[in-house]
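Have a look at the structure below before the remarks.
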Amino acid sequence: MKKFKYIIPLILISLVFIGASCEKGSSPAKSESEFAYPFEGDLTESKITDNSLGDNNPKISGDGQTIVYFKDTEDENNYIDSIGIAGPNGEKGVIKIVGGLLPEKSGLMIDSLDISRDGSKVAFIAAPFVENWWSTWPMFKYVYVLDLKAETLAKIDPQELPEKFYKDEADAERAEPVRVALSDDGSMVAFTVNVWGVDFDSIHDAWGGDDNMLLIAPSDGSKEPDVLKMGIAEAHVDMDSEGRIFYCKTDNENHSKYELSVINSDGSGNKGLGINIGSWGLVASNNGRVVAFDKDKGTMFVASHNGNIIAQTENYYGSVNITGDGSKVLVYQGNNKLPKEENGLVFYNVDDGFSVDQILEHRGYKISSNLIDVSDHGEIVVFQSWDEDTDRDYEITSIYWKK
């Protein structure tokens with residue numbers, strides 16, 4: 001299941017230049033048939049990685065067979081350079097991106113990872129290395145799509161698009177990708193870009209984050225991206241199984257107001273849903289249910305693709321994700337209003353008014369609050385955590401129900 005990708009305040013740019021290829025696991029990922037729909041069978045916690053250099057931002061395919069994450073393999077540089085691959089109960093292999101499929105020095109954008117629901121493609125954003133990169137802003141960035149089976153990497157370049165849409169703005173020469181979302185089969189990738197150098201005074205202001213674009217392109221890089229919408233909030237994008245793309249459009253008069261919106265992948269059916277979303281993101285289920293945060297009401301909600309609120313609650317603090325059918329929301333919460341035993345990783349039942357469905361007992365790890373993911377049926381949960389022993393290095397952990 002491909003889900004939203006929550007906001008991380010600090011964008012980590014990892015830079016390394018090394019030569020290698022791929023270390024393959026000796027066995028394929030475990031089949032979904034070994035794992036039970038929640039909540040039957042034995043609940044098991046598995047520490048997938050044990051890497052002193054750190055692993056980040058896990059994502060799981062909808063079928064639960066493939067987990068991917070950003071991985072650091074070079075002790076000398078200590079920067080993320082690879083994509084790690086795992087099944088729910090262990091690491092399977094590593095595909096070297098920087099210095100392998102991507103030979104030039106580059107930095108992987110750590111909050112940009114996504115995997116298609118069928119587990120065939122992985123999308124992320126990377127920036128070529130430049131001297132004095134820490135003072136170069138904005139940087140040139142590109143969308144990359146990795147074919148996991150063929151181990152090939154396609155590059156999608158949106159840099160020239162602003163000049164076509166802002167012809168009167170001489171400085172509108174850079175479109176910086178921010179978030180990515182893959183279609184179910186991985187054939188298409190939707191992504192947002194931040195357009196720099198544009199200033200339309202009271203109408204738009206690039207520095208206010210409003211002169212941004214929502215784009216879509218074939219994931220093999222065979223065609224230039226199409227612009228679906230302008231004037232969007234760049235940190236919000238996800239796609240459901242019907243090809244509906246969920247995003248947030250901005251208000252011309254109030255640059256901090258974002259309206260939850262939906263558009264079809266062919267550009268048709270664009271509409272706002274009348275919900276004022278918060279700045280940290282949204283996640284879409286397979287069938288077009290969206291979980292997000294209502295900025296005006298201060299509540300977490302699940303809405304349909306038509307804008308109808310299905311459930312909402314004020315008893316929430318943390319990060320969220322949603323199962324494929326939209327029936328359960330996974331929350332990592334730390335809320336002083338709730339009993340201590342209801343904090344941590346919790347499944348809520350959407351169709352029963354956010355009643356507590358299942359509390360996961362896993363207090364041994366410190367979870368990185370923005371980085372949780374769940375398979376379509378909810379039987380496998382994956383998250384990033386602080387290592388229990390060192391209390392320093394990031395690791396990837398899963399929880400699953402085994403038949």
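The values are calculated or read from the model by the stated rules, or taken from the named source; none is laboratory data. Worth saying up front: this structure is predicted, and the values here are computed from it rather than measured. Cβ sites come from the backbone with ideal geometry, for glycine too, and all protein chains shown count toward neighbours.
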If I ask for residues that are farther than 20 Å from SER183 by Cβ and surrounded by fewer than 21 Cβ atoms within 10 Å (Cβ to Cβ), which ones from the range 244-272 would you list? ASP251, ASN252, GLU253, ASN254, HIS255, SER256, LYS257, GLU259, LYS271, GLY272
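Test ILE216 against the stated conditions and say whether it is touching a strand residue (DSSP E or B) at 6+ places or on another chain (Cβ under 9 Å), at pLDDT below 95, within 30 Å of PHE301 (Cα to Cα) and among the hydrophobic types (A, V, I, L, M, F, W, C).
On the way: touching a strand residue (DSSP E or B) at 6+ places or on another chain (Cβ under 9 Å): yes; at pLDDT below 95: no; within 30 Å of PHE301 (Cα to Cα): yes; among the hydrophobic types (A, V, I, L, M, F, W, C): yes.
Spelling it out, it is not the case that ILE216 is touching a strand residue (DSSP E or B) at 6+ places or on another chain (Cβ under 9 Å), at pLDDT below 95, within 30 Å of PHE301 (Cα to Cα) and among the hydrophobic types (A, V, I, L, M, F, W, C).
Tell me, yes or no, whether the range 153-160 has at least one residue that is part of a loop (DSSP other than H, G, I, E, B), under 25 Å from ALA284 (Cβ atoms) and at pLDDT below 95.
Here is the first cut: in the range 153-160, the ones part of a loop (DSSP other than H, G, I, E, B) are 157-160.
Adding the requirement that they be under 25 Å from ALA284 (Cβ atoms) leaves 158.
Subset that is at pLDDT below 95: 158.
Within the range 153-160, one or more residues are part of a loop (DSSP other than H, G, I, E, B), under 25 Å from ALA284 (Cβ atoms) and at pLDDT below 95.
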Total residues in the range 238-258, condition part of a strand (DSSP E or B) and either among the hydroxyl-bearing types (Ser, Thr, Tyr) or at pLDDT 95 or above (or both): 8
Which of the residues spanning the range 122-138 are at pLDDT below 90 and either more than 17 Å from VAL180 (Cα to Cα) or among the β-branched types (Val, Ile, Thr) (or both)? PRO128, PHE129, VAL130, GLU131, ASN132, TRP133, TRP134, SER135, THR136, TRP137, PRO138
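Conditions (1) touching a Lys or Arg at 6+ places or on another chain (Cβ under 9 Å); (2) at positive phi; (3) at pLDDT 70 or above, marked per residue:
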residue	(1), (2), (3)
SER26	yes, no, no
ALA29	yes, no, no
GLU34	yes, no, yes
LEU43	yes, no, yes
ILE48	no, no, yes
THR66	yes, no, yes
THR73	yes, no, yes
GLY87	yes, no, yes
GLY99	yes, yes, yes
Residue list for the range 277-290, filter: out of contact with any Lys or Arg (no Cβ under 8 Å at 6 or more places or on another chain) and either without any contact (Cβ under 8 Å) to a residue 40 or more places away in the chain or surrounded by fewer than 19 Cβ atoms within 10 Å (Cβ to Cβ) (or both): TRP280, ASN287
For the range 85-112, pairs from a residue that is over 27 Å from ASP63 (Cβ atoms) to a residue that is of a type in the set (Lys, Arg) and in a strand (DSSP E or B), with Cβ under 9 Å and 6 or more apart or across chains, are LEU102/LYS96; LEU102/LYS155
Index of the failed condition, SER261 passing every other in (1) at pLDDT 95 or above; (2) in a loop (DSSP other than H, G, I, E, B); (3) of a type outside the set (A, V, I, L, M, F, W, C): (2)
Of the numbered conditions (1) farther than 21 Å from ALA292 by Cα; (2) among the aliphatic types (A, V, I, L, M); (3) buried (at least 22 other Cβ atoms within 10 Å of the Cβ), MET230 fails exactly one; give the number of that condition. (3)
